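Before any comments, here is the structure.
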Amino acid sequence: MSIGITIMGLLVGLLVGLTGVGGAALLTPVLILAGIHPSIAVGTDLVYNSITKLFGAVQHWKQKTINFQLVKYLAIGSIPSAAIAIVTLHYFPTFHQNQGEIIKYALGYVLILVAASIIIQNLLDKKLRPNRWQVLPIEKKQGLTILTGVILGFIVGLTSIGSGSLFAIAMMYLFRMKGVNLVGTDITHAFLLVTTAGILNASFGNVDYILAANLLLGSIPGVIIGSRLSNKVPTTPLQTVMAIIILLSGLILIFK
């Protein structure tokens, strides 16, 4: 079982390093479908993702492919919002008593949203660029960028999903960036966001550290290899395949 989990971590880490998307969206539903309680799956995934994305962020920092100004604006909105989502689930009795079901169904619908967004973006990418938002300097989009962080940060806090996928798609629409710079910026912001959310979940006892360790044995080399290959491998075909898998996972969670 531990070998299988390590291999799973290797594959997820590789995909995260290559595309910036898909880590939690692939891993969390698999853990839930394997019988792990949704709140434990979310908390463990956040801690695992934090360490995985640290290695990816360091690699992209060495490659100078991170827009730190964009990371700052997104984090100003996303980190407090994710904290609010986690605290709400634990301190409001109605939500706390039903948090397993809330997380499961929220996760299913968010996965479908993630998959649809990736597919639409890949199909219409050339037709949509450049749009009116992309031509504006980042200073004129500061409020919109922070608001994007607030909305998507809440989703990440609730489900652990979206720190890569949803934020990457938002950045594609709002900013004109090279693919490798988008991935580097996305992974760096995601590291800050999921680290905060992971610490909060750990404080509530929602982390399986042995499970996280087995995943990390595979994901750390995976994300380093993926980040190094991100300049050489086209991400669009990979993202499309991942979107189909993510869509199926979401449908299974909702209708199981």
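Below is a table of values for the structure above.
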item: Qualifying positions in the range 178-198 - β-branched (V, I, T) and either touching an Asp or Glu at 6+ places or on another chain (Cβ under 9 Å) or over 22 Å from I151 (Cβ atoms) (or both); result: V180, V194
item: Search result, residues across the range 86-127 that are surrounded by fewer than 16 Cβ atoms within 10 Å (Cβ to Cβ), among the charged types (D, E, K, R) and at pLDDT 80 or above; result: E101
item: Candidate set: the range 51-83, residues that are among the hydroxyl-bearing types (S, T, Y) and part of a helix (DSSP H, G or I); chosen: the one nearest to G143 (Cα to Cα); result: Y73
item: Scope the range 203-244; condition basic (K, R) and touching a helix residue (DSSP H, G or I) at 6+ places or on another chain (Cβ under 8 Å); matching residues; result: R228
item: Answer residue from the range 32-49, given it is surrounded by 24 or more Cβ atoms within 10 Å (Cβ to Cβ) and among the hydrophobic types (A, V, I, L, M, F, W, C) and is farthest from S203 (Cα to Cα) among those; result: I32
item: Selection count, the range 220-234, where residues are among the polar types (S, T, N, Q) and outside any loop (DSSP other than H, G, I, E, B); result: 1
item: Single match in D208, D186 (criterion: among the acidic types (D, E) and more than 17 Å from T28 (Cβ to Cβ)); result: D186
item: Selection within the range 174-186 - over 15 Å from Q239 (Cβ atoms) and either modelled with pLDDT of 85 or more or part of a helix (DSSP H, G or I) (or both); result: L174, F175, N181, G184, T185
item: Inter-residue pairs, beta-carbon under 9 Å, first under 10 Å from A197 (Cβ atoms) and in the range 76-87, second aromatic (F, W, Y) and outside any helix (DSSP H, G or I), 6+ apart; result: I86/F204
item: Residue pairs meeting the criteria (Cβ under 8 Å; at least 6 apart or on separate chains; first in contact (Cβ under 8 Å) with a residue 24 or more places away in the chain and surrounded by 19 or more Cβ atoms within 10 Å (Cβ to Cβ), in the range 235-250; second of a type in the set (S, T, Y) and assigned to a helix (DSSP H, G or I)); result: T235/T19; Q239/T19; M242/T19; I246/S165; G250/Y109
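Table: residues versus (1) of a type outside the set (S, T, Y); (2) more than 30 Å from K64 (Cβ to Cβ); (3) under 17 Å from the mean Cα position of the chain (by Cα).
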site: A170; (1), (2), (3): yes, no, yes
site: T195; (1), (2), (3): no, no, yes
site: A202; (1), (2), (3): yes, yes, no
site: V207; (1), (2), (3): yes, yes, no
site: L215; (1), (2), (3): yes, no, yes
site: A243; (1), (2), (3): yes, no, yes
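Residue-by-condition table, conditions (1) surrounded by fewer than 18 Cβ atoms within 10 Å (Cβ to Cβ); (2) without any contact (Cβ under 8 Å) to a residue 40 or more places away in the chain:
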residue: S160; (1), (2): no, no
residue: F167; (1), (2): no, no
residue: Y173; (1), (2): yes, no
residue: L182; (1), (2): no, no
residue: I187; (1), (2): no, no
residue: A190; (1), (2): no, no
residue: L193; (1), (2): no, no
residue: I210; (1), (2): yes, yes
residue: V223; (1), (2): no, no
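The values are calculated or read from the model by the stated rules, or taken from the named source; none is laboratory data. Please read all numbers here as calculations on a predicted model, not as lab measurements. Here the Cβ is made from the backbone with ideal geometry for all residues, glycine too, and neighbour counts use every protein chain on show.
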